[in-house]
Amino acid sequence: MEFNDYQKAANRTLFGSEQVLTNCALGLSSETGQVVDLVKQYTFQGEKLDKQKLSKEMGDVLWYLSQVAEWADIPFEDVASDNIDRLNKRYPNLPNNH
């Protein structure tokens, strides 16, 4: 799935018209905390890493990120490609893993 297609499909489930950015930023923080908590439980508490749950929480983070971009009228594809461009400039001598 293309990032911009995801952004538009995810927007179908965005509810409310007031304080959308604040809602998405708070939701992003909450969902990111859930990802961090799963990693903490795995790393420091000896729990098995539940990849299915981790994937679900990462999807929730992705949803909120896409909706912050949607609110700001930034194509999600641009967010991803700009990030890769910055990483390539920051680490020009690393081999391409793919």
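Read-outs: derived from the displayed coordinates by stated rules, not from any lab. Just so it is clear, the model here is predicted, and its values are computed rather than measured. Glycine gets a Cβ as well: all are built from the backbone with ideal geometry, and neighbour counts include every protein chain shown.
Couple of notes before you dig in:
- Selection status of Lys8, more than 27 Å from Ser81 (Cα to Cα) and among the charged types (D, E, K, R): no
- Selected residue [part of a helix (DSSP H, G or I), surrounded by fewer than 13 Cβ atoms within 10 Å (Cβ to Cβ) and among the β-branched types (Val, Ile, Thr)] from Thr13, Thr22: Thr22
Yes/no per residue for (1) farther than 21 Å from Met1 by Cα; (2) among the aromatic types (Phe, Trp, Tyr):
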| residue | (1), (2) |
| --- | --- |
| Gln41 | yes, no |
| Gly46 | yes, no |
| Met58 | no, no |
| Tyr64 | no, yes |
| Asp82 | no, no |
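- Of all residues in region 66-78, those that are in a helix (DSSP H, G or I) and closer than 11 Å to Gln7 by Cα total 8.
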